[in-house]
1. Give just the number: which of (1) part of a helix (DSSP H, G or I); (2) closer than 18 Å to Thr234 by Cβ does Asp108 not satisfy?
2. Only one residue in Ser67, Ser4 is among the hydroxyl-bearing types (Ser, Thr, Tyr), within 27 Å of Arg132 (Cα to Cα) and within 15 Å of the ligand (Cβ to nearest atom). Which one?
3. In segment 94-129, which residues are out of contact with any helix residue (DSSP H, G or I) (no Cβ under 8 Å at 6 or more places or on another chain) and of a type in the set (Asp, Glu)?
4. Please tell me if Ala107 is buried (at least 16 other Cβ atoms within 10 Å of the Cβ), without any contact (Cβ under 8 Å) to a residue 24 or more places away in the chain and more than 21 Å from Thr181 (Cβ to Cβ).
5. Is there a residue being hydrophobic (A, V, I, L, M, F, W, C), more than 17 Å from the chain's Cα centre (by Cα), at pLDDT 95 or above and more than 22 Å from Val221 (Cα to Cα) anywhere in segment 45-59?
6. Report yes if Tyr171 is crowded, with 16+ Cβ neighbours inside 10 Å, away from the ligand (no atom under 11 Å from the Cβ), assigned to a helix (DSSP H, G or I) and at pLDDT 95 or above, otherwise no.
7. Among the numbered criteria (1) outside any strand (DSSP E or B); (2) within 22 Å of Gln236 (Cβ to Cβ); (3) not small (Gly, Ala, Ser), which single criterion is violated by Pro129?
8. Could you tell me which residue of segment 77-90 is farthest from Ala218 (Cα to Cα), considering only residues that are among the hydrophobic types (A, V, I, L, M, F, W, C) and assigned to a helix (DSSP H, G or I)?
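The values are calculated or read from the model by the stated rules, or taken from the named source; none is laboratory data. All values reported here derive from a predicted model rather than from experimental measurement. Because the Cβ atoms are built from the backbone with ideal geometry, glycine has one as well, and the counts that use them run over all protein chains shown.
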Amino acid sequence: MPSSLTNRIALVTGASRGIGAAIAIRLAGAGADVAVNYRERATDAGAVVAAIRALGRRAIAVGADVSDAAAVAGMMRQIEVELGPVDILVNNAGIGPVRTLDEMTEADFDRTIAVNLKSAFLCTQAVLPAMRAQGWGRIVNISSGAARGAGGVGVHYNASKAGMEGLTRGYAARLVKEGITVNAVAPSLIETDMVRGGVASSPARIPMGRFGTPEECAQAVLMVIGNAYLTGQTVQLNGGMSFI
Ligand code: NAP
């Protein structure tokens with residue numbers, strides 16, 4: 001039996017480490033060829049590419065700041081030439097600089113919205129023509145429990161993730177007749193650099209008593225991609241921290 005994502009081409013933004021790296025490797029395990037986007041950490045992205053090639057799939061590392069329209073356009077050109085048009089887009093790249101209300105600056109707000117939210121718009125607009133032409137596509141946006149709850153990062157992060165869920169529903173509604181599903185996965189407290197180096201968090205906050213793993217996030221993304229009737233939804237993944 002061929003794997004279900006065989007001959008699909010995926011782009012995962014921010015896939016050099018953490019949740020994005022786990023998603024990229026799991027997509028390859030399901031048969032997809034994968035473009036591994038990163039911002040700075042080329043060596044880490046290269047290791048993810050090597051792990052994917054070891055699974056027998058094609059993979060390339062693509063450096064681009066996904067908040068920058070020209071960089072996104074260049075990234076998409078490179079992927080199209082080296083792998084082909086993108087069938088599966090996972091908007092995962094994100095930042096979470098911790099700021100109190102008093103510390104917050106306009107620059108913090110603008111940068112966080114640009115990296116976490118505008119990037120998803122830019123990447124989605126870029127992949128839609130090919131998805132619409134073939135009548136099939138999967139878009140998954142990595143949101144956060146901070147889209148609904150306070151979280152420990154700041155209001156800039158809350159706003160960026162709530163905006164991402166609005167973007168998810170807006171695109172889902174407009175693409176529902178075209179074979180393209182758009183969903184969000186909203187994790188809370190996954191053990192990555194973002195949690196280790198930023199939000200001062202303890203697993204004691206989590207009813208399950210532990211942080212989630214990047215692999216558990218990746219499993220949720222694959223579940224969403226595998227379901228053709230699911231669109232415009234947010235799947236929460238939070239060890240029982242919230243049910244709304
Ligand atoms: P992470 O370990 O800090 O990794 C962030 C990734 O995003 C890296 O690959 C980084 O690339 C990339 N990146 C950052 N800015 C970028 C930009 N402008 N252009 C392209 N790539 C960029 O973060 P993570 O914990 O895996 O988080 C991944 C996503 O999940 C984020 O959207 C985050 O908001 C969300 N999330 C995480 C948690 C959690 O508990 N960890 C909870 C809720 C939501 P470089 O390596 O090159 O810097």
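1. (2)
2. Values: Ser4 fails: within 15 Å of the ligand (Cβ to nearest atom).
Answer to the check: Ser67.
3. Those that are out of contact with any helix residue (DSSP H, G or I) (no Cβ under 8 Å at 6 or more places or on another chain) and of a type in the set (Asp, Glu): Asp102, Glu103, Glu106, Asp110.
4. On the way: buried (at least 16 other Cβ atoms within 10 Å of the Cβ): no; without any contact (Cβ under 8 Å) to a residue 24 or more places away in the chain: yes; more than 21 Å from Thr181 (Cβ to Cβ): yes.
Answer is no for this residue.
5. no
6. Yes: the conditions hold for Tyr171.
7. (2)
8. Filtering first and then ranking leaves Val81.
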